[in-house]
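Undergrad: One structure follows; several queries about it will come next.
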Amino acid sequence: MTDTLARAFELLDQGDRGGAIAILYQATEQGAGGEIAGLLAELRAEQGEHEQAVALFTRALADDPGHGPWRRACLTSLMQLPERRGEARRFCAEILAQRGDDPAAHRHMARLCLEAGESETAIAHAREAIFLAPHDLESLTDITTILIPAGEPLPAVEALAAALAQAHPADPALPFAAVAQARGWLALAEPAKASASLRRALELDPDPDDSAGAQGLLDQLAAADAPADLPATFVRALFDTYADRFDRELVGRLHYDAPAALRAVLDEQGIGGGRDVLDAGCGTGLAGLAVRDMARHLAGFDLSPRMVEKARARDIYHELWVGELVESLTQRPASADLLLAADVLVYLGDLRPVMAAAATVLRPGGLFAFTCERVDQPDGFLLHEGRRFAHAEAHVRQALAQAGFSILTLRHHSTRIDRGQPVPGLICLAQQA
């Protein structure tokens, strides 16, 4: 069998792949051992013949169960066969049980978990794969396609930035990694950074056909309209990063006063206590602190898990969860008497969907107290350079009216300072019919 392997490698060196496969196949038919089957499996996998490759890898592993490269290659071929996903997951779990430091197995398990709807587990495996192989551009590119739909593009973007900075200029994975980084930036609502990554990909790609797809994505980006809302991934990443210093910077440096201002409006209108209060986009719990004495039951939610952790540490909420704004409101119909949204609507463009959701969560006669930034234009909204939306007063009034709210008070109010100047804003208390 040693002669067969030597002859096969000789043919491969001569470029005669078909001849090498032929003599290896003949040897396997005659009962050759694992080395022959393993090499033939690798060649079959390279040709995209993954069913045959899995069968041959299985045969090779029967002779040498601990052969790591064969195990990983077998798993890679299994991953190319959608009808064998369950087998792939079991095989992947076996590899991780024996070698928990295998980055490829963690990467494959991340994808399998994502496909099964297990986003948190997928994210954990993807993060481990990044930790174990932080400079593998091909792996990081694949991980990005897992983390973006899982709602966590930031770790992929950060890892790609570091790996791209250290990569060899001749690495063929460079343009693909740069495009993956651009897709991550787009998920984080950073089109300028995405454009820069795409231009770098074009500079790095010698292929005139743009095999990495950078030009097509750059053209789409140039033609794209301004977003109606900021992506949830951007908002989550922003506040997860900001959570530890949120109170200090927002209140201390930016003089943020939305919670206190909302409480003042409620007091002005003579709104009493004993209410079921829902704090939408609760952040670290500053608004909850402002109204907790009014609440019979105080619930809150935020898109950022880190923010929810900070709010839970205050020990003032009866209930807290991680959730998206409109979805969380619509899933709890007629469950609240008072809804708060302190500095939350700045991450939404068109306010009509959230106003309709607010009407859903409130009981008849329920109150919606909120702040937003203001733009002095006849109608609509504007995404300004601070990556926040400002709304025309007319748009706010129309969205409330369409959702069936009557306005108890709506006036100009700045909730924060930016670059030494008050940010134009609105504060409102509306009542559901």
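Undergrad: Quick one: pull the percentage of alpha-carbon pairs in the range 1-106 with a separation above 21 Å.
TA: Tail fraction, whole percent: 36.
Undergrad: Going through the DSSP H helices of the chain, which span 24 Å or more along their own axis at the Cα atoms while scoring at least -1.0 as a mean Kyte-Doolittle hydropathy?
TA: On the way: long enough: none.
Span-like helices here: none at all.
Undergrad: Subtracting the Cα-Cα distance from 0.36 nm times the residue separation, let me have the gained length for A62 to T145 in nm, one decimal.
TA: Length gained, A62 through T145: 26.5 nm.
Undergrad: Given only helices, namely DSSP H runs of n ≥ 4 each adding -39500 (n - 2.57), what is the per-residue ellipticity at 222 nm of the chain, to the nearest 500 deg cm²/dmol?
TA: -16500 deg cm²/dmol
Undergrad: How many nm separate the modelled label positions at A124 and H255, each set 7 Å beyond the Cα in the direction of the Cβ?
TA: Placing both labels 7 Å along Cα→Cβ, they lie 4.6 nm apart.
Undergrad: Can you list residues from other chains, or at least 5 along the same chain, whose modelled amide H is less than 5 Å from the amide H of G425?
TA: Counting only residues 5 or more places away or on other chains, the set is R374, H413, S414.
Undergrad: Hey, rough spin-label estimate for A162 and D209, points 7 angstrom out along Cα→Cβ, what's it come to in nanometres?
TA: Result: 3.5 nm between the two label points.
Undergrad: Moving to a separate point now. Counting DSSP beta bridges in the chain, what percent are antiparallel, to the nearest 5?
TA: The antiparallel fraction comes to roughly 50 percent.
Undergrad: Right, next: At a temperature of 37 °C and a viscosity of 0.692 mPa s, determine how fast the chain diffuses translationally according to Stokes-Einstein, using the Kirkwood radius over alpha-carbon pairs as Rh; express D in µm²/s, rounded to the nearest whole number.
TA: Rounded, D is 130 µm²/s.
Undergrad: Roughly how much of D64 is accessible, in Å² to the nearest 10, using a 1.4 Å probe?
TA: Approximately 60 Å² of D64 is accessible to the 1.4 Å probe.
Undergrad: While we're here: With the Cα gyration tensor of the range 342-414 in hand, give its eigenvalues times 5 under a square root as the equivalent ellipsoid semi-axes, listed largest first in whole angstrom.
TA: The equivalent ellipsoid of the range 342-414 has semi-axes of 21, 12, 11 Å.
Undergrad: What ranking do 19-30, 176-187, 47-58, 339-350 get when scored by the average of other Cβ atoms within 10 Å per residue, highest first?
TA: Sorting 19-30, 176-187, 47-58, 339-350 by mean packing, highest first, produces 176-187, 339-350, 47-58, 19-30.
The values are calculated or read from the model by the stated rules, or taken from the named source; none is laboratory data. Quantities reported herein were computed from a predicted structural model and do not represent experimental measurements. Note that each Cβ is placed from the backbone with ideal geometry, even for glycine, and that neighbours are counted across all protein chains shown. These area figures cover heavy atoms from the full protein model, side chains too; ligands, DNA and RNA do not enter into them. Shrake-Rupley method; radii C 1.70, N 1.55, O 1.52, S 1.80 Å.
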